[in-house]
Amino acid sequence: MNGHTHHTDDRRELQMARSMCCHCQSEMAGEYFCDRCVKVQPVSKDLDYFSCFGLPRRLAIDTQVLEAKFYELSRAFHPDFYQNKSDAEQSISLGNSAMLNTAYRTLRDPIQRAEYLLDLEAGAVKDIRTSPPADLFEEILELQETLDEFRESDRSSQHAATLRAKLHTDRTNLEERQRDMEARLQQLFGRWDALQDRGEATEQARAERTLILKDMRDILSNRTYVKNIVNDLVATIA
Amino acid sequence: MTRIVGIDLGTTNSLVAYMDKGTPCVISSRHERAMVPSVVALTDNGLIVGDPAKEHLTRNPERTVYSVKRFMGKSLADVQSELAYFPYTLTEKGGVIRIQLGEKSYSPPQISAMILKELKLRAEAFLGESITKAVITVPAYFNDSQRQATKDAGMIAGLEVLRIINEPTAASLAYGLQEKTQGTIVVYDLGGGTFDISILKLKNGIFEVLATNGDTHLGGDDFDQLITDLLLKDIRAQHGLDLSTHPDHMQAVRLQAEGAKIRLSETLKTTVSLDLPDGQGRFTRELTRDQLEALCSPLVERSLGPCRLALKDSGLNPTDIDEVVLVGGATRMPLVRQRVQALFGKEPHCDLNPDEVVALGAAVQADILSGGTTDMLLLDVTPLSLGIETMGGVMSSLIRRNTTIPASAKEMFTTYVDGQTGVDIHILQGERELAKDNRSLARFRLKVPPLPAGVPRIEVTFLIDANGILNVMAKDMRTGETQSIEVKPSYGLSDQEVERMIEDSFKFAADDVSARKVIEARLDAGALITTTEKSLADGGHLVPAEEVAKIRTALSALASAKEGTDPRAIRGRMADLEHAAKGLTVAMLDDSLKQGLQGKKISDVT
Ligand SMILES: Nc1ncnc2c1ncn2[C@@H]1O[C@H](COP(=O)(O)OP(=O)(O)O)[C@@H](O)[C@H]1O
Ligand SMILES: [Mg+2]
């Protein structure tokens, strides 16, 4: 929690530093452009992607609105429109466009969006799982063995064919698991958004918030783990 | 704002276009067509480019360079397998191919620069102003080295390359402008040497590329090669001759192969025939479209793989595609059309001339950059993943393929040993797991202040700009100091080398210009000789015999001047001839007027 407060302080400072136009040094009132000299301003490094698109920090977002805003900001920032401008403006346009593209790519995909939100809210980078999730432990160990055996087998043999068939079944099962996890994530997303909408500052709300974030993080990292296993499996039997 | 032209620097043909009051137009010069064959020949009168150079393919194969685009940004090892097909000599210096022409050797960007200069001159002559800025197109699937080489070529030609733009996306701009299309479109571009597929979403003037894929080594040239191999085998069987050791005959076979391929796009069968060396007779055989298709079908199939990958990367099914656009000369082959139509389930569009559409799109992009067109914006992607080599020779990906550009990624570096003063970074491009299987782009050494291990924190920003070209910046997070990075390209010219080639090109510019003057003077002289001879034949009887004799003397004086290399002498003899023939011209005009009075309309006579 401490880390989080610290983060906010940082941002305030940066926003203050940015309240001056970087070209004409006048007080800045505009959002991305100085009202006085009409020149483009660098997007603050600490502006989160949601704010960048003028969206609330929610996990359900209207992708049509997101796309429209992305196109609008692309027209504002893209280097194509800065060809005749100063070097300073050209480099701001390049930096802003690159940031905008990353922001759009992140928010467009529901999983990346959730990972990003988790990062913002819980201040932690996503966990990278190195061992199988507890409820899949046995299943995945066995799968690894089958995979190894298949890799070493003579592909034209009857044995390989049996292994391949088994791997196909495993794949179907794992994909089913992945879909389950995604459905559970959807539920958590909904709960998160509802909690934010209520905006309560009670002890209970805080506890729920912590719980949702924790569950989200666990399922996200399990899902990534399973997804990587499936990719590996698909590549091996292809 | 100075004018910016759009250039399609193709493997086979190149074109220049400009924007005329909101409409893109290709530029053609007085006597010639708009397409300039991408061929450069070294003749006794210096270097020549385009159609006249193409004539040297069979006459002077060792000194005539074609398909140079295949060598851009490549090392000799990359093209080892096809060296046998090229009659000119390739060597390598500092990871860059050199092409030997006479005494000198040239890098591919230098050869490309000659083609660009020709286009620049044409544009200048046509527009009556000096041209210094251009947008140049490249295959979408070109990697960083190939893009950089293209930019270098522009610089060597005296052009500021304001933007490198992808060929299929350029084509989409030309289509979008024309039809105000909305929806999801596929651009399938099969040229002479390269294949590209791009999937775009067009909405309210935004052209957003969703995915791109391709093969920088697949095109009409490869079809020609297969047919050539077939013909060579036949010649060996029928005549016991191995033509592969005769560069000039090899070129003749190749041109016959291409001609037959092109004819078979229209007809179902055609005949190939050519003279064998040293009067050993003539080789003839028939080739049917079925035979051609059987031969080329695997190559056409090969192009469908990238199409499927692009669909997958964009998360679309063939049924999501609203329109399919064909670009590039090789898409005129019926087999290509059929296969593309079968894959996407849609009849492809080819309303715009597939030869010109890329240059037209480049002109549109040039107009966007100069502020003329403001309602269109192209959001392109990087075709290949960018990463760095990490421990164990594995590539760690920083920017994934099909990421919208400009794109950036930051990576923090530190040291493992106390007092370590540098960190070596190896930048790669490609989709493979291991560093060695990907394209090495560059290496550089990050400077680090000598501190205990793990203390330094250097943030490196990898930024792919709107040209798809990588820029690297480093910042010491402790001091806030930025560091300029000297990147040594793995397969490219260093800045100093480009600098020197620009200087060279100025030095040789004088030679080049005079060579061009000779060629132009000769062309004009040839035209004058032909018309004068025709006038003598038609109206010689209208003037006294001594005048005819004078004209004949002036004619032969011009003919011998035309053999020389002094353009002023040629122009002088042309003036003499025009003077000598003045009486004849007047007499012929009078005569035709008289005939007109006899009841014919003048327009029928002249
Ligand atoms: N009618 C045709 N049928 C088949 N191939 C053709 C036809 N016209 C041109 N081509 C081939 O198209 C290729 C050139 O296409 P182009 O788009 O000009 O190439 P590039 O963009 O690489 O310069 C050559 O291989 C040529 O033989
Ligand atoms: Mg082309």
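Every read-out reported here was derived from the displayed coordinates using simple, explicitly stated rules and does not represent laboratory data. Because the structure is a prediction, the values reported are computed rather than measured. Cβ coordinates were reconstructed from backbone atoms using ideal geometry, including for glycine residues, and neighbour counts include every protein chain displayed.
Which value, to two decimals, describes the C-alpha radius of gyration of the protein assembly as shown once divided by 2.2 N^0.38 Å? Write out the running numbers ahead of the final one.
Working: Rg = 32.5 Å, N = 844, 2.2 N^0.38 = 28.5 Å.
Against the compact-globule rule of thumb, the ratio is 1.14.
Please rank B:I458, B:I321, B:I136, fewest neighbouring Cβ atoms within 10 Å first, as an exposure proxy.
The most exposed by this proxy come first: B:I321, B:I458, B:I136.
So, R0 is 45 Å and r is the distance between the beta-carbons of B:T89 and B:M391; what FRET efficiency does that work out to, to 0.05? Write out the running numbers ahead of the final one.
Numbers: r = 42 Å, r/R0 = 0.92.
According to the calculation, E is roughly 0.60.
Measuring from a point 7 Å past the Cα of B:E546 along Cα-to-C-beta, which residues in the range B:561-597 have an amide N at less than 17 Å?
Within reach of a label on B:E546: B:580-584.
Only Cα pairs under 8 Å and at least 6 apart count here; give the relative contact order of chain B as a rounded whole percent.
Working: 1179 pairs, mean separation 79.3, N = 606.
Here the relative contact order equals 13 percent.
If you plug each phi of the range B:489-498 into the Karplus form 6.51 cos²θ - 1.76 cosθ + 1.60 with θ = phi - 60°, what whole-Hz ³J(HN,Hα) values come out, in order, with x for Gly and Pro?
Once θ is set to phi - 60°, the couplings for the range B:489-498 become x, 6, 10, x, 7, 6, 4, 5, 5, 4 Hz.
State, to one decimal in nm, how far the label point of A:E145 lies from the label point of B:H579, with both points 7 Å from Cα in the Cβ direction.
It works out to 10.5 nm between the two label points.
Based on alpha-carbon positions alone, could you give the equivalent ellipsoid semi-axes of the range A:134-237 from the gyration tensor, as √(5λ), descending, whole Å? Please list the in-between numbers first.
On the way: eigenvalues 329, 25, 14 Å².
Each semi-axis is √(5λ); the values are 41, 11, 8 Å.
Straight-line reach from A:K69: which lysines fall under 30 Å, measuring Cα to Cα and dropping same-chain residues less than 8 apart?
Answer for A:K69, where 30 Å is the Cα cut-off: A:K39, A:K45, A:K85, A:K126, B:K180, B:K201, B:K203, B:K312, B:K410, listed by chain and number.
Using the Kirkwood radius over Cα pairs, work out the Stokes-Einstein diffusion coefficient for the range B:384-493 at 10 °C and 1.306 mPa s, in µm²/s as a whole number. Walk me through the numbers before you get to the answer.
Values: Rh = 14.5 Å.
Result for D is 110 µm²/s.
Over the alpha carbons of chain A, what is the largest minus smallest coordinate on each principal axis, giving the biggest first in Å?
Over chain A, Cα extents along the principal axes are 77, 51, 31 Å.
Using 0.36 nm times the number of residues separating B:E124 and B:T482, minus their current alpha carbon distance, what extension gain do you get? Mind dumping the intermediate values first?
Values: separation 358, 0.36 × 358 = 128.88 nm, distance 4.21 nm.
Once the chain is fully extended between B:E124 and B:T482, it gains 124.7 nm.
Expressed as cubic angstrom per residue, what is the convex hull volume of the alpha carbon set of the range B:209-257? Let's see the in-between values first.
Working: hull volume 4.2 nm³, N = 49.
It comes to 85 Å³ per residue, whole-number rounded.
Rg and Dmax of the range B:502-597, Cα atoms, in Å?
So, for the range B:502-597, Rg and Dmax equal 17.4, 64 Å respectively.
Note the full-extension length gain between B:T319 and B:R282 as 0.36 nm times their separation in residues minus their Cα-Cα distance, in nm to one decimal. Intermediate values should be presented prior to the final figure.
Values: separation 37, 0.36 × 37 = 13.32 nm, distance 5.17 nm.
This chain segment gains 8.2 nm when fully extended.
Roughly what would the spin-label model give for B:R59 and B:F413, points 7 Å off Cα along C-beta, in nm?
5.4 nm
Any chance you could give the angle, 0 to 90 degrees and rounded to 10, that helix B:334-344 forms with the longest Cα principal axis of chain B?
The angle comes out at about 30 degrees.
Tell me, what is the Rg over Rh of chain B, with Rh the Kirkwood radius over Cα pairs?
When Rh is taken as the Kirkwood radius, the ratio is 1.04.
Can you tell me the FRET efficiency between A:Q64 and A:S131 if r is taken as the Cβ-Cβ distance and R0 is 56 Å, rounded to the nearest 0.05?
Details: r = 41 Å, r/R0 = 0.73.
E(calc), rounded to 0.05, equals 0.85.
Expressed in whole Å with the largest first, what are the equivalent ellipsoid semi-axes of the range A:11-122 derived from the C-alpha gyration tensor as the square root of 5 times each eigenvalue? Could the numbers behind the result be given before it?
Details: eigenvalues 133, 56, 25 Å².
Sorted largest first and rounded, they come to 26, 17, 11 Å.
Evaluate E = 1/(1 + (r/R0)^6) for B:E293 and B:E82, where r is the Cβ-Cβ distance and R0 equals 25 Å; express this FRET efficiency to the nearest 0.05. Please list the in-between numbers first.
On the way: r = 23 Å, r/R0 = 0.92.
Using R0 = 25 Å, I get an efficiency of 0.60.
Mean projection of the alpha-carbon convex hull of the range B:220-296 over all orientations, in nm²? Spell out each step's value before the answer.
Values: hull surface 18.4 nm².
Its average projected convex-hull area is 4.6 nm².
Obtain the nm distance between the two label points defined at B:A559 and B:E433 by a simple spin-label model: each point lies 7 Å from its Cα along the Cα-to-C-beta direction.
Spacing of the two 7 Å Cα→Cβ label points: 7.4 nm.
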